[in-house]
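A quick write-up on the structure given underneath.
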């Protein structure tokens, strides 16, 4: 089957969440018998480690470092988000067997569906697509056990930091077995104020590489995260994951995996990311401020919070 389907180069780009949400495309191509090489242009180069030792991918190429030739492949799939596409459009104009890109509007309606449309163009069956997946097995970090709730309080900086829920410190205080992952930058809220966690919270911040953090979350009882790269990684490695949303829309990401619970405050002005951004609350991000710790605790199965 693989020989009949041939080899394809799949080009993914942008943030960690974008890479994770594109993995159903890789799984569908594998199911159809394609040999897959993966070309990554990542905001975070360490994200390449998330795809290591995966049977679905023959090799992983670094777009900033590795040379590649379109002629080596039966198809080249430019599965690059629209906001990154201008960087690569000129090069793909010279690739005759590049798979046609879907309408950009689809990306903002269903990101997973946007990536899967490439597979459909190649004749693959996408009627029952798999959930996002990463080949990272559980491997508990120090202080992470099967009863631990892992918190990922950060996300990208700048305006993206508006996605950071301000209740993580209080939530950690309410949990007996809790660990925090991410980087030092993640320990600040949207306004830049530092987060100070209770002494019993095991701080793994800046102690784990990205793949190690993924493995630790896979070994945990549950993960609570913002709409962030770490949150999408947790979901893709199979951890019971509670994703907290405010100004950004969750519906546009595509169907969540069965192990994912989405929680938001339900304000009528949210999500506002693609509209009058932050206008309704004058930048206070009320959609996250009004999402209480009690609501988050109530959304967790008793075994998580007990």
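The values are calculated or read from the model by the stated rules, or taken from the named source; none is laboratory data. Just so it is clear, the structure is predicted and the values come from calculations on it, not from any experiment. Here Cβ is always computed from backbone atoms with ideal geometry, including for glycine, and neighbour counts include all displayed protein chains.
Of note:
- Qualifying residue in region 135-143 (condition: at negative phi and in contact with a strand residue (DSSP E or B) (Cβ under 8 Å, 6 or more places away or on another chain)): yes
- Number of positions in region 44-80 that are under 22 Å from residue 230 (Cα atoms), in a helix (DSSP H, G or I) and either over 19 Å from the mean Cα position of the chain (by Cα) or touching a residue at least 40 places away in the same chain (Cβ under 8 Å) (or both): 5
- Within region 18-35, one or more residues are free of Cβ contacts under 8 Å to residues at least 40 places away in the same chain, more than 30 Å from residue 160 (Cα to Cα) and assigned to a helix (DSSP H, G or I).
- Boolean, residue 260 is crowded, with 24+ Cβ neighbours inside 10 Å, in contact with a helix residue (DSSP H, G or I) (Cβ under 6 Å, 6 or more places away or on another chain) and either within 15 Å of residue 23 (Cβ to Cβ) or at pLDDT 95 or above (or both): no
- Of the residues 297, 291, 243, 230, the single one that is buried (at least 20 other Cβ atoms within 10 Å of the Cβ) and either free of Cβ contacts under 8 Å to residues at least 12 places away in the same chain or assigned to a helix (DSSP H, G or I) (or both) is 230.
- Residue check, residue 184 on the phi < 0 side of the Ramachandran plot, surrounded by 15 or more Cβ atoms within 10 Å (Cβ to Cβ) and out of contact with any strand residue (DSSP E or B) (no Cβ under 6 Å at 6 or more places or on another chain): no
- Top-ranked residue in region 81-103 [being part of a helix (DSSP H, G or I) and out of contact with any strand residue (DSSP E or B) (no Cβ under 7 Å at 6 or more places or on another chain); ranked as nearest to residue 7 (Cα to Cα)]: 91
- Only one entry in 119, 140, 131 is in contact (Cβ under 8 Å) with a residue 24 or more places away in the chain, within 19 Å of residue 38 (Cβ to Cβ) and not in a helix (DSSP H, G or I), namely 131.
- Taking region 1-17 as the range and being within 22 Å of the chain's Cα centre (by Cα) and assigned to a strand (DSSP E or B) as the test, the residues that pass are 9, 10, 11, 12, 13, 14.
- Being out of contact with any strand residue (DSSP E or B) (no Cβ under 6 Å at 6 or more places or on another chain), more than 28 Å from residue 105 (Cβ to Cβ) and surrounded by fewer than 19 Cβ atoms within 10 Å (Cβ to Cβ) is true of residue 191.
Conditions tested, residue by residue: (1) at pLDDT 95 or above; (2) surrounded by fewer than 17 Cβ atoms within 10 Å (Cβ to Cβ).
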| residue | (1), (2) |
| --- | --- |
| 103 | yes, yes |
| 140 | no, yes |
| 154 | yes, no |
| 174 | yes, yes |
